[in-house]
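The values are calculated or read from the model by the stated rules, or taken from the named source; none is laboratory data. Remember, predicted model here, so these are calculated numbers, not experimental data. Using ideal geometry, Cβ is built from the backbone for each residue, glycine included, and neighbour counts are taken over all protein chains shown.
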């Protein structure tokens, strides 16, 4: 059978993998992209990473995620990540809306999913973890997009999309990057008025919810304890797949992803020429489902939010569970590659 995974590595990462095989402690950092239901193609691979990448580590791992990447990482940072991932998957697939939901309803169900994923002790375990240094990426809305009222927010988002098309840096007039972190922050992000906030038991829920609060789909989150006054939204607006212009600790960067390409920000999805060029790409190992594999999944694509509109609740849940099951083959393939130290043998250059 053809491989189900696409593995791509930057120049330095490729040399390290081919020279030294797979060593979990060669990686200092892991990223998690925004993407809502797209994460389901990674669900089984996350379980492999919990057992074969995180468990044997001797050094702390810095993780940064926006939106659904944040939720995945909060599961992995718990003392029993497999149980947390099980709870998260069950609650995520189980969400249901009888009619077109208002933002308040989507926010409420997202809070319930988060509560389910945390379980009884998950929050304290994330905050006290010695294995994972968490960085939750959200954005603070500036005046043009500070309201949750539909019309002014839609107009502000339209203006921010135009500004972004001219120059990505112009998004700073609409959104500031906010990074909530455990311990001492070990990743440094540049631009967009980036500011950091310590994660605490008082703000961890709000920070996580804000990281995935899609404008017009969910309400912004305000206030957040310890953070600047304002309304916080989905970190994917600025860091959809990340721009790789950040400073990370020495070592490789692992990027389990839904796609084999990287789109920096949410508004860049239609801008095919805008791709990251940061030096951090040289240290990055990207692992994603191969396009031929995805074409054979139920529905023929990676799941996304349009499934809520196009499918009934039972149809959607059946399809999503089928996708998770099919992607067990990806987890088996990844497990074998890690166990045999063969990532470097199959990796292609990441450019």
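Just to be sure, is residue 114 in a helix (DSSP H, G or I), farther than 30 Å from residue 54 by Cβ and modelled with pLDDT of 95 or more?
no
Could you grab me the full set of residues in segment 218-247 that are within 17 Å of the chain's Cα centre (by Cα), touching a residue at least 60 places away in the same chain (Cβ under 8 Å) and assigned to a loop (DSSP other than H, G, I, E, B)?
The answer is 238, 239, 240, 241, 242, 243, 246.
Scan 132, 113 and give me the residue that is in contact with a helix residue (DSSP H, G or I) (Cβ under 8 Å, 6 or more places away or on another chain), touching a residue at least 40 places away in the same chain (Cβ under 8 Å) and more than 20 Å from residue 187 (Cα to Cα).
Sole residue among the options that is in contact with a helix residue (DSSP H, G or I) (Cβ under 8 Å, 6 or more places away or on another chain), touching a residue at least 40 places away in the same chain (Cβ under 8 Å) and more than 20 Å from residue 187 (Cα to Cα): 113.
Looking at residue 27 and the list (1) crowded, with 16+ Cβ neighbours inside 10 Å; (2) in contact with a helix residue (DSSP H, G or I) (Cβ under 7 Å, 6 or more places away or on another chain), which single condition is not satisfied?
Among (1) crowded, with 16+ Cβ neighbours inside 10 Å; (2) in contact with a helix residue (DSSP H, G or I) (Cβ under 7 Å, 6 or more places away or on another chain), the lone unmet condition for residue 27 is (2).
Is it fair to say residue 66 is within 24 Å of residue 297 (Cα to Cα) and surrounded by 22 or more Cβ atoms within 10 Å (Cβ to Cβ)?
no
Looking at 252, 271, can you tell me which residue is surrounded by fewer than 17 Cβ atoms within 10 Å (Cβ to Cβ) and either in contact with a strand residue (DSSP E or B) (Cβ under 8 Å, 6 or more places away or on another chain) or within 28 Å of residue 168 (Cα to Cα) (or both)?
Criteria check complete, one pass: 271.
Just to verify a result, which residue in segment 253-295, among those that are outside any helix (DSSP H, G or I) and free of Cβ contacts under 8 Å to residues at least 24 places away in the same chain, is farthest from the chain's Cα centre (by Cα)?
Applying the filter and picking the extreme gives 273.
Tell me whether segment 31-54 contains one or more residues that are farther than 24 Å from residue 184 by Cβ and loosely packed, with under 15 Cβ neighbours inside 10 Å.
yes
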